[in-house]
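The block underneath contains the structure these notes are about, expressed in structure tokens.
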Amino acid sequence: MNETALTVHQTARPHGFPTAEHFAFVESALPRPPAGSALVHNLYWSVDPYHREMMDDVPGGFALGAPLEGRTIGRVIASRTPHLAEGEIVFHRQGWRTHSVVTPEEIRRLPRFDGVPLTAYLSILGGTGLTAYVGLTRIARLREGEDLFVSAAAGGVGTATGRFARLLGAGRLVGSAGSAAKAGHLVREVGYDAVFDYHDGPAADLLGKVAPDGIDVFVDNVGGEHLTAAVGALREFGRIVRIGTISQYNTPDAPPPRFNHADIVEKSLRMEGFLVSNHRDVQEELYEFAVPHLQSGRLALDETVVDGFEGIVEAFLGMLRGENTGKIIVRDRAEALAGRSGQRF
């Protein structure tokens, strides 16, 4: 067992795009679990867009000079509680560190399904997939045959939304992405009918070309110009599912989107945002829906895997730059050497 542990701390508040200088790797002695807790060697880490919001001086945000938090899967390597056995695989939120001390109340045991890798619990079966599933089934209340537009379609939530929408019987499925290569991948592999590169012109014009007859649902991970375009393209009784505003995370002074507010009334549109943490009761339903499709091969994993905890900061920054396709996950090197598959930067 390694006798040292690494933890990532945030050292300063960014204004605009964060850099590696806003973080520090801190080495310490391996933690010793007190009575009633256990020591977990972390194996997989999730880096997510919401981490950028938490870097700012906001309520509940990251404290400077303290360990960060994030979704993580690890193995119990020392236990001082009968409720956590050594060797057990657990999910918890004390990520951004190689080792974590947890109590039984702070972990979640993961069901193990034949043919489903652990990474799935941080992607399609984790918060990313749950966000997509709740957005479609609870917020949009998607009906068979309805047409969707998804912004940031190549990201973790965007790919999950596309795959779930196909399984739920969606009609035409269009999206936006940050490159022609990503757009092609989404059409060939994920099931989108058409995807535009948002660098190619005004979003309203590009959306009009791929969805000339309009859309019924907009799943919004971006905000800004995409939201403006979607309001104009939505049909009567259309719905907007607000998940994120990644276009403004690194540009806090950017003006808010401007759209024709009369459209909201005249087309009877509904706009609703949500936090996935308020829908954890849907987790079992997600397993029931998604796992059989994973096992049959109808549902694939969209993951970019970065090997080595030392790459977690660059993985996070790369995600903000849009370098990943699907959910980005950091993997312990020992897991990589064990031969588990995954796309890399």
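The values are calculated or read from the model by the stated rules, or taken from the named source; none is laboratory data. Small disclaimer: the values here were computed from a predicted structure and weren't measured. No Cβ is skipped: glycine too gets one built from the backbone with ideal geometry, and neighbour counts run over all protein chains shown.
A few comments on the model shown:
- Scan of segment 30-69 for residues that are small (Gly, Ala, Ser), under 30 Å from Thr325 (Cβ atoms) and touching a Ser or Thr at 6+ places or on another chain (Cβ under 9 Å), ordered by number: Ser46
- Flag for Pro33 being surrounded by 20 or more Cβ atoms within 10 Å (Cβ to Cβ), over 21 Å from the mean Cα position of the chain (by Cα) and over 27 Å from Gly244 (Cβ atoms): yes
- Index of the failed condition, Thr98 passing every other in (1) closer than 29 Å to Phe289 by Cα; (2) in contact with a His (Cβ under 9 Å, 6 or more places away or on another chain): (1)
- Unique match (being buried (at least 19 other Cβ atoms within 10 Å of the Cβ) and either modelled with pLDDT of 95 or more or of a type in the set (Asp, Glu) (or both)) among Gly87, Gly74: Gly74
- Residue within segment 244-257 that is of a type in the set (Asp, Glu), more than 21 Å from the chain's Cα centre (by Cα) and surrounded by 13 or more Cβ atoms within 10 Å (Cβ to Cβ) present: no
- Filter result for the condition that a residue is within 23 Å of the chain's Cα centre (by Cα), assigned to a helix (DSSP H, G or I), in contact (Cβ under 8 Å) with a residue 24 or more places away in the chain and under 30 Å from Glu335 (Cα atoms), over Val305, Val282: Val282
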